[in-house]
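Structure first, commentary second.
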Amino acid sequence: EKGKLSLDLKYKLSENAIVGENVILLDQLTLGDRVESPDATNLPVRLAIALMRDTQGKIDIDLPVRGNLDDPEFSWGHLVFQALINLVTKAVTSPFALLGSLVGGDGEELSFVEFEYGSESFLPQQAQKLDKLAQALQERPALQLQIEGAADSEYDRLSLAEEMLMAELRFRRFEEMQVSGEQATVKPEEMTLTEEEFTRLLTEKYVETYGHDPFTTIEEKGTEEGAISTERSEEVPGPPEVDPAVRMAMAKQRLIKEMIIDEIALQRLAQGRATQIKGYLIEQGEISADRLFALEPKIGEQDVSDGEAIRVNLTLSGT
């Protein structure tokens, strides 16, 4: 639809070998409507242009070509076109690698943001990555970023369930303080339980849920097994001693598995992660909101980097 093309061409011919240097400058290149043609490429050309066009609206391409005149299929136009297609293909298949070349570092690292399980806040070291991504987006103003919020159906659910359990224990302690007239200096969600308070409150919750004390469950089971063995005239040692901290950890894990975390909670978590990324890029990276899009969140088993974090994936498109 619009644009100016400038060429700086240098060709050398040695016997039947041709070596060409094509320096191409495209200024304000604007595509028109798509034309249906069997010869048209299926590559996302708009994305390629957005990746290569700088803040001045210019695309600077260094396009070397090599060929042999003895080749019966030799065509100078085909050589140039194929080189251009290869350049476009490389750009659109590894768009973040191209962005990385603008700001330094591993470009593929810019294609995702990592979060701790159960948390809407991205890990601290991810801020530096988002700063680089924002810098690259500033240098490529025609690019748009899509953010696909994600939540893991297993690990995020367990983390949310643990936080729900701890919130209940903190609130129990807060209520105790109110009943006894003790002044609470912080809100329930900000309270820190001592080890003694945690053990007592978790035990109360366990007894309410299962009807027995987690500290006596193992002994009872051991006694029953001992009775059966006695009938068989076998001597069986008593149950092994279990560290109280281990018992409480086991009790806590059992209660966590019973906590109900529905799909809506996972959806909120995934959406919250996308919102965090978008907000950071707007406020800290100074990227216009109309260039950032939160996609439908993905809930289920997710890719993880090292088993400790979940990734929210990013994709690029061109205007």
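The values are calculated or read from the model by the stated rules, or taken from the named source; none is laboratory data. What you see is a predicted model, and the numbers here were worked out from it, not measured in a lab. As a convention, Cβ positions derive from the backbone with ideal geometry for all residues, glycine included, and neighbour counts pool all protein chains shown. SASA here: full protein model, heavy atoms, side chains in, ligands and nucleic acids out. Shrake-Rupley method; radii C 1.70, N 1.55, O 1.52, S 1.80 Å.
A Cβ distance below 8 Å, combined with a sequence gap of six or more or placement on separate chains, defines the contacts here; from the range 133-160, residues that are over 15 Å from Ala274 (Cβ atoms) and free of Cβ contacts under 8 Å to residues at least 60 places away in the same chain reach residues that are open to solvent by less than 60 Å² (accessible area, probe 1.4 Å) and assigned to a loop (DSSP other than H, G, I, E, B) in the pairs Ser159/Tyr117; Ser159/Gly118; Ser159/Ser119.
For the range 81-108, residues that are in contact with a strand residue (DSSP E or B) (Cβ under 6 Å, 6 or more places away or on another chain) and either among the β-branched types (Val, Ile, Thr) or under 23 Å from Glu139 (Cα atoms) (or both) total 1.
Conditions (1) in contact with a Leu (Cβ under 9 Å, 6 or more places away or on another chain); (2) under 22 Å from Ala270 (Cβ atoms); (3) open to solvent by 10 Å² or more (accessible area, probe 1.4 Å), marked per residue:
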{"residue": "Glu109", "(1), (2), (3)": "no, yes, yes"}
{"residue": "Val113", "(1), (2), (3)": "yes, yes, no"}
{"residue": "Ser119", "(1), (2), (3)": "yes, yes, yes"}
{"residue": "Lys132", "(1), (2), (3)": "yes, no, yes"}
{"residue": "Arg140", "(1), (2), (3)": "yes, no, yes"}
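If you go through the range 27-40 and keep only what is out of contact with any Ser or Thr (no Cβ under 8 Å at 6 or more places or on another chain) and in contact (Cβ under 8 Å) with a residue 24 or more places away in the chain, you end up with Gln28, Leu29, Thr30, Leu31, Gly32. Report yes if Thr185 is hydroxyl-bearing (Ser, Thr, Tyr) and modelled with pLDDT under 75, otherwise no. The answer is no for Thr185. When each of Thr89, Thr93 is tested for being touching a residue at least 40 places away in the same chain (Cβ under 8 Å) and either open to solvent by 80 Å² or more (accessible area, probe 1.4 Å) or not small (Gly, Ala, Ser) (or both), the lone residue that passes is Thr89. Filter the range 17-55 down to the residues that are surrounded by 15 or more Cβ atoms within 10 Å (Cβ to Cβ) and not in a strand (DSSP E or B) and list them by number. Correct list: Pro44, Val45, Arg46, Leu47, Ala48, Ile49, Ala50, Leu51, Met52, Arg53. Taking every residue in the range 60-80 that is farther than 17 Å from Lys90 by Cα and among the polar types (S, T, N, Q) and pairing it with any residue that is modelled with pLDDT under 85 and part of a loop (DSSP other than H, G, I, E, B), at least 6 positions away or on another chain, the pairs with Cβ-Cβ distances below 9 Å are Asn68/Phe74.
Scanning the range 232-240 for residues that are surrounded by 14 or more Cβ atoms within 10 Å (Cβ to Cβ) and either at pLDDT 90 or above or part of a helix (DSSP H, G or I) (or both) turns up nothing. Among the residues of the range 263-297, those that are open to solvent by less than 60 Å² (accessible area, probe 1.4 Å), over 11 Å from Ala134 (Cβ atoms) and touching a strand residue (DSSP E or B) at 6+ places or on another chain (Cβ under 8 Å) comprise Leu266, Gln267, Leu269, Ala270, Arg273, Ala274, Pro297.
Within the range 58-79, if we keep just the residues that are hydrophobic (A, V, I, L, M, F, W, C) and part of a helix (DSSP H, G or I), the residue that is nearest to Leu314 (Cα to Cα) turns out to be Leu79.
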